[in-house]
Every structure is written in C-alpha cells, then in structure tokens.
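The values are calculated or read from the model by the stated rules, or taken from the named source; none is laboratory data. Just so it is clear, the structure is predicted and the values come from calculations on it, not from any experiment. When we count neighbours, we look across all protein chains shown, and the Cβ atoms used for this are built from the backbone with ideal geometry, even at glycine. When the accessible area is computed, the model is the full protein with side chains, heavy atoms only, and any ligands, DNA or RNA have been set aside. Shrake-Rupley method; radii C 1.70, N 1.55, O 1.52, S 1.80 Å.
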Amino acid sequence: MEAVDVSASGAGTGRMIGELEIRVLGPVEARRGGRPVPLATGRQRTLLAVLAMSAGEVLSAETIGDRIWGEVLPVHLRRSVQTLVTRLRQAVGSDAVATAPHGYRLTVEPGCVDAARFLRLVEPAPVVRSVADERADLVRALALWRGAPFEGVNSDWLRGVEAPRLLERQLAVVERRIDLDLAAGRHAELVTELGDLTNRHPLRESLWCRLLEALDRCGRQAEVLERYEAVRGTLRDELGADPGPGLRAIHARLLSRTLAEPVQTIVPRQLPPDVPRFTGREDEVEALDALLPASAETPVPMIATVHGAGGMGKSALAVHWAHRVGDLFPDGQLYLDLRGHGPGPPVEPADALLALLRGLGVADDRIPGGLDARSAQFRSLLAERRMLVVLDDARDADQVRPLLVGSRCLVLVTSRRQLRGLVAREGAHRIALGPLAPAASVALLAATLGPYGVAYDSAQLAELARLCGHLPLALGLAGEHATRQPTGLASFIAELRHRADRLDLLEVGAERGTRVRDAVAWSYRELAPRDARTFRLLGRYPRTRISRTAAAALVGVSSAEVRLSLDRLLDVHLVDELGPGSYEIHELFQLYAAELAARVDGGGSAPLLGEVV
C-alpha cells in the first residue's frame with residue numbers, strides 16, 4: 001500500500017471543525033458541525049458510503065475496489081483508490097480517513113453513521129424494557145430514514161447486499177412498532193399507514209396480517225374479507241401459493257365469529273445473527289441434529305441443554321445450530337438471554353415469560369400478571385406450533401422450568417451449570433462443551449489472522465492455541481491481539497509463555513465481559529465459601545490434574561468433604577472429571593485461581609482485574 005500524507009490534506013480549510021456525521025439512509029451525504037459537506041462526484045459518495053458501512057474497520061484497496069467498481073475494476077486499482085481517498089479527504093477533512101498498513105478506515109465512531117445508530121437503537125435491549133421505552137427507541141430509529149438507502153451512489157455491493165439488509169431490518173422495526181400500537185389500541189390510526197405499506201410490499205404477508213387485524217378491531221369486517229380475497233389472488237398469481245397460517249387464521253376467525261379469542265399472527269424470527277468464522281464442534285452439532293424429528297409430522301416434545309465453562313462458546317454453538325435448522329420450525333424461533341451469569345441480576349421467570357409472550361404478539365393487556373398464569377398461557381399458545389425456543393445463559397433449572405413447552409416445540413438451553421434437575425425430571429438431553437480440538441483451534445486462529453495479512457506458520461498457530469488452552473474465548477482474544485502485534489507473532493507467543501503474565505497479555509484492551517477472568521469470576525462468585533477456597537487452592541497445585549486424595553491434602557479436609565466440593569466445582573465447570581477420583585482444571589482457570597489464592601489466602605496488594613471474592 002502506497003503511503004498517503006494525511007497531515008496536510010484539508011488543513012486550514014475549516015472542514016475539521018465539528019464532528020463528522022454521515023448519512024446513508026437516504027441520499028448519501030456528509031455533514032460537519034451541522035453543515036453539509038460538498039461532495040463533488042458520485043464516486044466520492046460511493047467511497048464514503050462503503051467506508052461508513054464499516055466505520056472503524058480497515059478495508060483493503062481490493063475490498064474498496066470490489067465494492068465501488070464491482071467486476072469492472074480500474075487497470076491501476078490501488079492508484080485509483082488512493083486518488084479517490086485523497087479527494088474524499090479534501091472534501092470531508094484529513095482527519096476522517098486514516099491510512100493503515102493494509103488499507104484505509106473511516107476514523108469516525110460508528111454512532112456518527114446513521115445506519116449504525118439505527119441498528120443500535122433497534123437491537124435487543126440487555127434488560128426487559130417498558131413498552132413506552134421500546135416504542136420511543138423504535139420511533140427514534142425510524143426517524144433517521146430519509147428515503148431509500150444509498151441514494152445517489154452507483155455500487156452493486158451497496159444496492160445488492162447492504163440496502164436489502166437495511167430495508168428488511170427497517171420493515172421489521174416498522175412491524176414491531178405497529179404491534180405495540182395495536183396493543184395500545186391505536187388501530188384506527190394504523191389503517192391508512194398499513195394500507196400504504198401493503199401497496200408497496202404486496203407479497204409481505206406479515207403486513208397484511210396487521211392490516212386485517214387493524215380493520216377487524218375497527219369493526220370493518222366486510223373490508224377484511226374483501227382484502228383477504230384480494231391478497232389471496234395476488235399470492236396465487238405471483239407465487240403460486242395460498243396465504244400462510246397467519247392470514248388464514250384471521251379469515252377463519254371472522255368466518256366463525258369467535259372474536260373473543262386473540263389470534264397470533266406473528267411468526268417470530270428472534271435469533272441473533274449467526275456467528276462469523278464458526279469453527280469446529282462437528283460432534284456437538286451432530287448430537288443436536290440427532291434430536292431432530294424424522295419428518296415434519298413427528299412431534300418434538302424435547303429439551304436439549306448445552307453446558308460448559310464460561311468462554312467455551314455455548315451461545316455461539318446454540319445460535320449457529322439454530323440458524324442451520326431454522327427452516328424445520330416454520331412457526332418461528334424465539335430467543336431470550338436469561339443473563340444467568342454476568343454483572344447484572346438474572347432475568348426472573350415471570351419477566352422472561354413477559355418477553356416471550358410479547359414476542360408471540362400477545363398484547364400487554366392480555367398477558368396475566370402471575371408466573372403460573374403466564375406459563376400456562378405460553379404453553380397454550382405453542383401447543384399446536386412447531387417452534388424453536390433458545391434460552392441462552394440459564395442460571396439454573398428453576399429459572400428454565402416455567403419456560404418449557406411440550407408438544408411440537410424444541411427448547412434449547414445453554415448454561416454454565418449441568419442443569420441436572422432438567423435431566424432428572426424433564427428428561428432433557430445433555431450435551432457437554434469442552435475446549436476445541438487442536439485442529440479446530442488452529443483453524444479458528446487462521447480465520448482470524450487471515451484477513452489482516454498476519455504472517456504465521458502452522459507450528460506457531462499450534463503453539464498459540466496450546467497456550468490458550470484451546471478455550472474459544474482465549475483464542476478469540478489472542479487472535480485479535482495478534483492482528484495488531486507490530487513485533488510479529490513469534491514475539492507475542494514468546495511473551496505468552498511467561499505463564500504468570502498470560503492472562504494480562506490476553507486481556508489487554510478487552511471489554512468487560514469478554515475477558516477470561518470475567519468468565520471464571522462470574523462462576524466463582526456463586527460458590528459457597530468452602531468450595532471457593534477449594535478452587536483457589538487448586539491454583540497452588542503444580543499440575544492441572546489432581547487426584548481426590550491429593551486435593552484433600554491440599555485443602556486440609558477429608559476425602560469425603562473434598563469430593564463434595566469438587567462435585568460442586570464440576571457442576572459449574574470450574575473443574576472437569578477425568579475418571580473416578582481424578583480431576584483436571586483448565587490451565588487458564590488455574591492461573592486465575594492462583595491469583596485469587598495469593599490475594600485472598602496468602603496476602604496481596606491491589607485487587608485483581610475481574611476478581612470477585
């Protein structure tokens with residue numbers, strides 16, 4: 001990559017005054033200090049939009065060229081990209097576009113791009129919000145749209161990849177806001193809006209369902225029947241298909257005049273995005289596949305649990321597998337983070353049911369207040385549906401049990417605990433998740449380093465994976481760290497070999513909640529004092545494997561007492577059982593245990609990063 005002087009371009013022009021704002025949800029434009037920034041050509045707008053959709057990330061000249069010119073690339077691609085970047089800097093300010101060793105990046109925060117602000121406003125909240133707060137966020141997000149995304153630019157990638165993704169998300173947000181308005185009794189106000197939406201999207205059945213529901217609540221039943229016949233004809237002419245279950249249910253309700261019973265017309269698709277660079281776990285995926293029914297008519301009254309230590313990738317596996325099999329559950333997929341282990345309190349079962357019922361489209365005024373009543377309503381609504389319910393990060397079986405359904409649904413639960421009660425009482429299928437296989441660890445590191453052009457050989461990756469104990473969380477931290485190592489991969493590996501500093505090196509710059517210490521601490525803080533002491537003292541043992549007899553001597557208790565402590569550590573995956581009377585602690589967990597032992601049992605000074613005592 002040819003170097004570009006970013007210090008002089010735009011200096012003294014006044015364009016660096018004020019924060020740069022980039023708008024792509026409509027005509028592409030830039031504003032600085034609230035004033036429009038003139039962009040001379042469509043190519044400048046296209047480059048700005050391409051960089052804005054990856055704000056803060058380095059894009060190579062090849063990637064930029066592909067996203068701007070498509071298949072018809074300039075003869076001198078790098079020179080053309082460099083010239084275009086220089087001209088863009090002259091327009092928006094030299095501080096806006098930085099040159100990196102392998103490309104260019106927009107230096108503004110993602111929040112300065114309207115598309116990023118929109119997606120942030122509509123992403124699932126970490127806590128259950130009130131209806132008013134959720135609606136306010138949706139309205140603010142939709143107000144950012146000024147037209148079709150990327151107007152005024154000519155890019156197949158923006159039009160064919162990014163624009164459809166944003167438009168689909170916008171429609172989903174509009175539908176969610178309409179659902180909240182329907183629940184609040186604003187049906188009369190929605191008829192005109194929904195009429196316009198169905199005219200613009202005549203094949204989107206979810207919009208038709210909402211229009212018919214609004215008309216029905218306005219007492220316009222005859223018009224509902226007329227609209228139903230119209231959309232049925234459109235679907236047959238355009239797709240050769242009949243209306244889906246939502247539309248048919250509204251039609252059947254009107255014909256039978258059983259208006260007192262609410263009809264659920266929403267097919268939820270709540271899964272988070274699939275995990276990029278998902279690697280390994282073939283055996284676990286195969287075990288989950290084995291739980292699937294032989295045919296669409298076969299009932300699926302089943303519960304599966306994926307359990308393992310913090311940082312093992314339980315959520316990644318659950319979400320990845322759920323995306324793979326989503327089509328086998330045509331009535332939708334529900335997803336809820338139960339926050340069983342983390343900085344905040346776990347989600348109470350009654351609040352979890354409130355969120356799940358809202359996800360099914362049940363109006364707040366039709367959701368009962370008590371836990372048992374909500375649980376019964378949830379089971380009734382799913383009784384005849386084939387749905388996948390993913391309950392992520394469960395604290396224990398008691399948190400999950402009221403959320404279970406039978407009949408034709410599959411419930412997939414992830415937890416740091418083994419959830420033995422669900423196995424014993426509800427017959428749950430249990431899948432344990434341990435460290436990645438060495439080959440999968442190397443593949444994950446290679447996939448992380450590859451886009452950044454980091455030089456490595458297979459022996460180096462194998463050594464780095466070994467130093468991370470094949471723990472997915474640690475591999476992710478190490479891979480990210482290695483992408484920004486100016487001294488090369490070999491020196492980074494050499495530093496990691498100094499065992500006492502390994503956790504510090506892995507966690508430099510890591511956000512709270514993404515560090516190895518955090519992953520262990522959130523399990524450690526749940527332990528009773530005697531079990532916590534057992535864990536800490538394992539950090540002083542010279543090896544990661546220990547017998548029950550040696551553990552009893554180390555802790556200074558009887559073999560029977562240490563067996564109970566080790567079993568409780570086993571339940572939360574702070575140790576593993578290798579065989580009768582033989583245990584092993586993950587090397588990185590042992591490093592953290594040693595830190596705790598020095599701090600709590602053997603004295604020490606400053607509190608440790610991520611420590612919970």
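Points to keep in mind about this one:
- Modelled FRET efficiency - R0 45 Å, E226 with E348, Cβ distances, 0.05 increments: 0.50
- Candidate residues Y541, Y583: accessible-area rank, largest first, probe 1.4 Å: Y541, Y583
- Convex hull volume per residue for the chain, taking Cα atoms only, in Å³: 192 Å³
- Helical contribution to [θ] at 222 nm, DSSP H n ≥ 4, -39,500 (n - 2.57), averaged over the chain, rounded to 500: -14000 deg cm²/dmol
- Of V557, V454, the order by accessible heavy-atom surface (1.4 Å probe, DNA, RNA and ligands excluded), from most exposed downward, is V557, V454.
- In Å², nearest 10: area of R67 left accessible to a 1.4 Å probe: 50 Å²
- H429 accessible area, 1.4 Å probe, all protein chains in place, Å² to nearest 10: 80 Å²
- For A528 and E495, the FRET efficiency from 1/(1 + (r/R0)^6), where r spans their Cβ atoms and R0 equals 30 Å, is about 0.25.
- For F150, the solvent-accessible surface computed with a 1.4 Å probe is close to 10 Å², ligands and nucleic acids excluded.
- Stretchable slack from R236 to A446, in nm (0.36 nm times residue separation minus alpha-carbon distance): 70.7 nm
- Per-pair calculated FRET efficiency, R0 = 51 Å: E57 and A252 via Cβ, rounded to 0.05: 0.55
- Of the residues Y452, Y104, the one with the largest accessible area comes first in the ranking Y452, Y104, computed with a 1.4 Å probe on protein heavy atoms.
- Along the chain, longest interval not containing exposed GluC sites (Glu not before Pro), exposed being DSSP loop plus at most 12 other Cβ atoms within 10 Å: 72-296
- Gyration tensor verdict on segment 268-375 (Cα atoms; rounded if a/c is under 1.5, prolate if a/b is larger than b/c, oblate otherwise): oblate
- Segment 47-204: translational diffusion in µm²/s, Stokes-Einstein, Kirkwood Rh over Cα pairs, 37 °C, 0.692 mPa s: 183 µm²/s
- L171 paired with D327, simple spin-label distance in nm, labels 7 Å along Cα-to-beta-carbon: 1.9 nm
- Taking all protein chains into account, the per residue accessible area for the chain stands at 45 Å² (1.4 Å probe).
- Distance between modelled label sites at E584 and V275, nm, 7 Å Cα→Cβ extension: 2.0 nm
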